[in-house]
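For reference, the structure is listed below as structure tokens.
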Amino acid sequence: MKKLFLLSLVALLTSGLQAQQDGRDTIVIARDGTGKYRNIADAFDEVRAYMEYTRVIYIKNGTYKEKIVVPAWFKNVHFVGESAEKTIITYDDHANINKMGTFRTYTVKVDGNNIVFKNLTIENNAPQMGQAVALHTQGDKLVFVNCRILGNQDTIFTGGEGTSLFFRNCYIDGTTDFIFGGATAYFQDCTIHSKRNSYITAASTPKHITYGYVFNNCTLTANADIDRVHLGRPWRPYAATVFLNCQMGSHILPIGWHNWGKPDNEKTARYAEYNSIGEGAAPKARVAWSKQLPKKEADSYTIENVLGNEDWWKQ
């Protein structure tokens, strides 16, 4: 009997460890009270620092009005929503509240590394009264799959210079500079939606970083009354942004790019396209200081080359 008990105990401990290793260690969040917690941040105390196994925070459909900071000691955590349209994390800070400034307005800030977000919405629903960040990233190797990231001015701030991000099958909208910052970010099969005549990107890629923003096989759309949108303008002189095989609506201006009122940026900004299609594709009309890539060069912008040969982005 004692031997049988010991064998059962060993089996239980082994199965528990295997569950952690297989990523089955899941915490359920539900606003309706059917999960372990009603608020997402309440689960954070259950996450061990710098885990080598995956911890899943599963979020049921509902609206979670929370201002969330994913701490730097989070690693290998997956935030998985029940559905992209109905699992909504939202807040409404903007830069003009008590002189808050841009970088405190986030709804979700991610300081940890190797973090995955799937099937959910991250939203800043502040009125159009200034900068209002929905997603602020500082961590490295962050993945967003089938997410909606919604806002107005400055929707996504990719703040960690030297960090890498991957967005796949996401819907991102905003008004001005709504994807901005210094990180390297690869956008695959995403919809990028403009809600105002303005600028989509404002990269601040450091001079020594080869890749900034890469959009591959993305679709650029806009509200019906929008007809004067630039692909980007350089927040810093060496901004790097490339559009590959993208469908561009008629809202994209023929000149494509803007120098932010600083002619010297034209000497340093790294702006390029390859195989743009649609009414907004006008390779011969683009500003002379942007580049139309030859196929051989465009082929070098693979996910592996941009983000590295590790498989962290394969989610």
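The values are calculated or read from the model by the stated rules, or taken from the named source; none is laboratory data. As the structure is a prediction and not an experimental result, all values here were calculated from the model. FYI the Cβ positions are ideal-geometry reconstructions off the backbone, even for glycines, and counts take in every protein chain you see.
Annotation for segment 66-87: no member residue is among the hydroxyl-bearing types (Ser, Thr, Tyr), closer than 21 Å to Thr176 by Cβ, crowded, with 16+ Cβ neighbours inside 10 Å and out of contact with any helix residue (DSSP H, G or I) (no Cβ under 9 Å at 6 or more places or on another chain). Does Gly280 count as assigned to a loop (DSSP other than H, G, I, E, B) and either touching a Ser or Thr at 6+ places or on another chain (Cβ under 9 Å) or within 21 Å of His193 (Cβ to Cβ) (or both)? Spelling it out, Gly280 is indeed assigned to a loop (DSSP other than H, G, I, E, B) and either touching a Ser or Thr at 6+ places or on another chain (Cβ under 9 Å) or within 21 Å of His193 (Cβ to Cβ) (or both). Here segment 41-55 is the region considered, the condition is being surrounded by fewer than 18 Cβ atoms within 10 Å (Cβ to Cβ) and of a type in the set (A, V, I, L, M), and the residue that is farthest from Tyr106 (Cα to Cα) is Met51.
Any idea which of Phe157, Phe103 is modelled with pLDDT of 95 or more, buried (at least 22 other Cβ atoms within 10 Å of the Cβ), not small (Gly, Ala, Ser) and not in a loop (DSSP other than H, G, I, E, B)? Criteria check complete, one pass: Phe157. Checked against the criterion of being part of a strand (DSSP E or B) and either more than 17 Å from the chain's Cα centre (by Cα) or under 12 Å from Leu120 (Cβ atoms) (or both), the candidates Tyr53, Tyr64 yield just one match: Tyr64. Close contacts from segment 53-66, counting a first residue that is closer than 13 Å to Ala41 by Cα and modelled with pLDDT of 95 or more and a second that is of a type in the set (Gly, Ala, Ser) and in a loop (DSSP other than H, G, I, E, B), with Cβ to Cβ under 8 Å and a gap of 6+ residues or different chains, come to Tyr58/Gly35; Ile59/Ala30. Restricting Thr205, Thr219 to residues that are surrounded by 22 or more Cβ atoms within 10 Å (Cβ to Cβ) and farther than 18 Å from Arg286 by Cβ narrows the list to Thr205.
When the criteria are applied in full, Arg48 meets the requirement of being among the basic types (Lys, Arg), free of Cβ contacts under 8 Å to residues at least 24 places away in the same chain and part of a loop (DSSP other than H, G, I, E, B). Consider segment 88-100 and keep the residues that are of a type outside the set (D, E, K, R) and not in a strand (DSSP E or B). The one that is surrounded by the fewest Cβ atoms within 10 Å (Cβ to Cβ) is Asn98. Here is the figure for segment 167-185: residues that are in a strand (DSSP E or B) and surrounded by fewer than 23 Cβ atoms within 10 Å (Cβ to Cβ) total 3. Selection of segment 70-87 for residues being within 16 Å of Ile29 (Cβ to Cβ), of a type outside the set (S, T, N, Q) and not in a loop (DSSP other than H, G, I, E, B) yields Val70, Val77, His78, Phe79, Val80, Gly81.
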